[in-house]
Amino acid sequence: MSIDSALYLTLHPQNYRASDILECYISSGLQIYDTVGRVHLVTSDDFDWDCLTADINEIKEFLNRQREKNLPAIITLFENEEPISDLMIFHDRICLSCDVNRQVIRSVGGTEFTDVNFYMQKFIPPLETGGYTVTVLKFEEIRY
């Protein structure tokens with residue numbers, strides 16, 4: 001069985017730049033570089049992933065341009081050199097994938113579910129510290 005899960009957040013104010021959202025997470029201690037100094041991000045309209053070596057300002061400018069073109073800005077976030085989530089910044093919300101190194105809890109029957117609390121505690125406080133309020137929170141887990 002495969003599982004896809006994601007945390008969707010609508011923020012206030014909504015006139016954020018992609019770089020502002022990214023900065024919230026960087027300021028909280030998350031990273032955008034893998035162990036060899038590459039950034040993993042979507043660089044095309046076809047949602048192709050690339051691994052680039054670029055400085056933080058180039059990455060922020062690129063993500064802002066994506067959002068200005070009404071395209072999602074998508075980048076992988078790392079913690080302790082391990083990928084923790086793919087951050088997708090849309091014009092009206094952000095989405096954090098909970099599929100990378102999934103944190104789970106087990107039901108009494110042994111079924112594993114995504115630990116929603118872990119992701120809320122990891123990804124909401126940095127936004128609040130950055131001056132944003134979460135006005136809508138939606139968690140989705142699809143099993144197929």
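The values are calculated or read from the model by the stated rules, or taken from the named source; none is laboratory data. The structure presented is a predicted model; accordingly, all values stated were derived computationally and were not measured. Because the Cβ atoms are built from the backbone with ideal geometry, glycine has one as well, and the counts that use them run over all protein chains shown.
Observations, loosely collected:
- Conditions (1) under 17 Å from ASP4 (Cβ atoms); (2) touching a residue at least 40 places away in the same chain (Cβ under 8 Å): number failed by SER27: (1)
- Of the residues screened, LYS122 is one that is closer than 16 Å to ILE26 by Cα and without any contact (Cβ under 8 Å) to a residue 60 or more places away in the chain.
- Filtered by the rule that a residue be in a helix (DSSP H, G or I) and in contact with a Pro (Cβ under 8 Å, 6 or more places away or on another chain), the stretch 1-56 gives CYS24, TYR25, SER27.
- Top-ranked residue of the stretch 63-82 - restricted to ones that are surrounded by 16 or more Cβ atoms within 10 Å (Cβ to Cβ) and not hydrophobic (A, V, I, L, M, F, W, C), ranked as modelled with the lowest pLDDT: ARG67
- In the stretch 30-43, of all residues being without any contact (Cβ under 8 Å) to a residue 40 or more places away in the chain and more than 15 Å from the chain's Cα centre (by Cα), the one that is farthest from GLU128 (Cα to Cα) corresponds to VAL36.
- Residue selected from the stretch 118-144 under the condition in a helix (DSSP H, G or I) and of a type in the set (Ser, Thr, Tyr), by the criterion surrounded by the fewest Cβ atoms within 10 Å (Cβ to Cβ): THR129
- Those residues of the stretch 84-101 which are under 16 Å from ASP4 (Cβ atoms) and surrounded by fewer than 17 Cβ atoms within 10 Å (Cβ to Cβ), in sequence order: ASP99, VAL100, ASN101
- Criterion: at pLDDT 95 or above, surrounded by fewer than 19 Cβ atoms within 10 Å (Cβ to Cβ) and polar (S, T, N, Q) - qualifying residue of SER27, SER19: SER27
- Pairs are defined by a Cβ separation below 8 Å, a sequence spacing of at least 6 or placement on different chains, a first member in the stretch 44-65 that is without any contact (Cβ under 8 Å) to a residue 60 or more places away in the chain, and a second member that is basic (Lys, Arg) and in a loop (DSSP other than H, G, I, E, B); the pairs so defined are CYS51/ARG38; LEU52/ARG38; THR53/ARG38; ASN64/ARG17.
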